Structure formats: C-alpha cells, structure tokens
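The values are calculated or read from the model by the stated rules, or taken from the named source; none is laboratory data. The shown structure was predicted, so the numbers you read here are calculated from the model rather than taken from an experiment. Cβ sites come from the backbone with ideal geometry, for glycine too, and all protein chains shown count toward neighbours. Note: areas computed on protein heavy atoms with side chains; ligands, DNA, RNA excluded. Shrake-Rupley method; radii C 1.70, N 1.55, O 1.52, S 1.80 Å.
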There are 2 protein chains.
Amino acid sequence: MVVERKMTKKFLEDAYAGESQAHMRYLIFADVAEKEGFPNIAKLFRAIAFAELVHAKNHYQALGNIKDTPSNLQVAIDGETFEVEEMYPVYKATAELQGEKEAVRSTHYALEAEKIHAELYREAKELAEQKKDLEIKKVYICPVCGYTVIDEAPEYCPVCGASREKFVVFE
Amino acid sequence: MVVERKMTKKFLEDAYAGESQAHMRYLIFADVAEKEGFPNIAKLFRAIAFAELVHAKNHYQALGNIKDTPSNLQVAIDGETFEVEEMYPVYKATAELQGEKEAVRSTHYALEAEKIHAELYREAKELAEQKKDLEIKKVYICPVCGYTVIDEAPEYCPVCGASREKFVVFE
Ligand SMILES: [Fe+2]
Ligand SMILES: [Fe+2]
Ligand SMILES: [Fe+2]
Ligand SMILES: [Fe+2]
Ligand SMILES: [Fe+2]
Ligand SMILES: [Fe+2]
C-alpha cells in the first residue's frame, strides 16, 4: 500500500511540495482577487486551493506519512524544532548580514511563533500519548506575524504590536 | 521593499516552501486528530496551520511575488501548465514503470484535475484583463481526486467515480 521504490518516492515528495505551494499561492491570490473586486475569481482560487489539498493529501498518504496523532505530533515537533534551532536563525542572520529588512522581519516573526508552536505541540503529545485531549477552548493567531496564544488574545501582540481585535480565533 | 540579494532570496523561497508544507501537514493531521477523538488537538493543528499561512504570505510578499489578479492568474496558468505538460506525465510514467499502484493513482488524479485548472484560470485571466469577474455561482471539488467543475456536480465523478453528495461546494 505504501510506495517503496526510491524514484517514485522522491517524485511524490516533490509533488507534495509542489501541491502545498500551489495551495498556498491560490489562497494568497484569492485574497488579492477579493480586494480587487473579483469575488468569483477569488472563489475559483479558493476552490482550486482545496483541490490541491486533495492532491497533496493523496501523495502524502501514498508515502505512508499519515500516522496516528502522537506520531503526527512528533513530526510537527521535529519540524518546529528544526526551524527554531537551525533554519530561521540562519535565514534571519543572513537577512541581517545582507541588509534585507523585509526578510529580517518575516524571518523574525516566524522564528518567534515557531518557538511557541514547538512548546504547544509538546504539551499536546504528552496528553495524546495518554489518550487525553488538550484542555483548551480557543486558539488566537496574530494575522500579521503568526504569534499563537491559547484562550485569550493580548491587548497588543508581543511580537509585532498588532491590536487584539485583529487576532483570528479558532474555537 | 522587495528582497534583492540572492542568498536571502533563496532562503525566503525555501522558507515559503517549508511553511507551505507545514501548513498542509497540519491540516491533514487535524483531520486525523478529529477522527481519533481529539477535537482540541485538531483545533490546535488548524490554528497553527493558519499561523504558517501568515509566515508563508510574509515571505512571499517580501519576495515581491504578490501582484495584481491578471498577473497572479498567469502564475497559476504557468504552474498548472508545467504540471500537465511535464511534471505529472513524468511522475505517472515513473510510477507505472516501477509498479507503484498508489502513486499511479495519486498522480493520475492530479494530472486530470490540473488540465481543468489550467483551462479555468485561462478563462478567468481573459476576463480579469478586461476588469470583468467570472460569471459562476458555485465551484464543486471532488474530495477524493480533486476533480473540479463549475455550477453543478456530476452524478458520479468522471475521474474517480465518487458520488455527487461527496463533492465539496464553494459558493
Ligand atoms: Fe494539484
Ligand atoms: Fe510553526
Ligand atoms: Fe503579531
Ligand atoms: Fe511558520
Ligand atoms: Fe491545479
Ligand atoms: Fe473524483
């Protein structure tokens, strides 16, 4: 059921990466189309973004990468930890060295959020291993920097300064 | 305002790819958590998926890749055309050569949908260039294969055979 041969595996990994980036682009382009007064083109972008999610999921499934929740949380922890300890510190230092202010900002915002993500996923994994769910009601995300906080949004985002009413809530 | 130096540019492109794939993984893991009886862990995955979207969007913006709708549609057309004419034919042929049935299926499903996506984006671009919106009411997506159809879902998906009531509607 799961792909074994190396070339097919490599191609499915590349296809997963490509589908994920297409999905993301279309969600970004949908917001632009909406703002520019093309609501139906925005709808098309969002619908096709979902089709790309279906493709990405099919490839990911064929690769045998969809496991149970504790294992999925470990994949999440490993990804966030790599970003916090290696990837974003290098990217941010490079942007500083090269005087690229926009990139300093976008990598700094990501780095700060990933630290919180790693911690939240660690808590979730401990509970999931005991078959327990997280005890949370709401998750708030800052739409400017991705800052993530449980149950109550701060008056101002501690990372980028965005005000409370801008936060997006998941409940 | 837009990143100029090559190393910073390369790193932002890699960060965009990484964030897009993390976003996708977390949406997939959220569905698993939901099914396994962890609704709050599912909520955390979905919220953090949105935080990764914010990061991807910030990097994409810093790269100067967010333009107006006709230009965004051209990027979409180019991506879909590459997938239809080069990428998926090669990936599918490789999966067939190597007898990897799951990968034959997931690449076949994607290839068929991308043909439709390229066509729909072409129509949208022609209209957007004349400042006109698409005249559509609904977009239906097959959640098994990503087949995409305007305004009415078929009784059975012509690509994978899924029945009409499974289709996801964007309206
Ligand atoms: Fe796709
Ligand atoms: Fe993260
Ligand atoms: Fe923020
Ligand atoms: Fe991120
Ligand atoms: Fe597509
Ligand atoms: Fe289908």
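Key figures
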quantity: Residue, farthest from A:V84 (Cα to Cα), within region B:52-74, restricted to residues that are at the interface with chain A (Cβ under 7 Å from one of its Cβ atoms) and hydrophobic (A, V, I, L, M, F, W, C); calculated: B:I66
quantity: Residues of region A:125-148 classified as away from ligand 4 (no atom under 15 Å from the Cβ), more than 7 Å from chain B (Cβ to nearest Cβ) and open to solvent by less than 70 Å² (accessible area, probe 1.4 Å), total; calculated: 4
quantity: Residues of region B:9-20 satisfying the condition of being more than 10 Å from ligand 4 (Cβ to nearest atom) and either of a type in the set (D, E, K, R) or not assigned by TED's automatic domain parsing to the domain that holds B:A56 (or both); calculated: B:K9, B:K10, B:E13, B:D14
quantity: Meets criteria (assigned to a helix (DSSP H, G or I), in contact with a strand residue (DSSP E or B) (Cβ under 7 Å, 6 or more places away or on another chain) and not assigned by TED's automatic domain parsing to the domain that holds A:V149) for A:H117; calculated: yes
quantity: Residue match in region A:71-90 (condition: among the hydroxyl-bearing types (S, T, Y) and either more than 16 Å from ligand 4 (Cβ to nearest atom) or at pLDDT below 95 (or both)); calculated: yes
quantity: First in region A:159-171 and free of Cβ contacts under 8 Å to residues at least 60 places away in the same chain, second anywhere and of a type in the set (A, V, I, L, M) and in a helix (DSSP H, G or I), Cβ under 7 Å, 6 or more apart; calculated: A:F170/B:A47
quantity: Residue that is within 8 Å of chain A (Cβ to nearest Cβ), in a helix (DSSP H, G or I) and touching a residue at least 12 places away in the same chain (Cβ under 8 Å), where the choices are B:E102, B:E83; calculated: B:E83
quantity: Selection from region B:38-78 of residues that are hydroxyl-bearing (S, T, Y) and surrounded by fewer than 21 Cβ atoms within 10 Å (Cβ to Cβ); calculated: B:S71
quantity: Every residue from region B:88-99 that is open to solvent by 20 Å² or more (accessible area, probe 1.4 Å), within 8 Å of chain A (Cβ to nearest Cβ) and of a type in the set (A, V, I, L, M, F, W, C); calculated: B:V90
quantity: Pick from region B:20-37, criterion more than 7 Å from every other protein chain (Cβ to nearest Cβ) and among the acidic types (D, E), ranking: least open to solvent (accessible area, probe 1.4 Å); calculated: B:D31
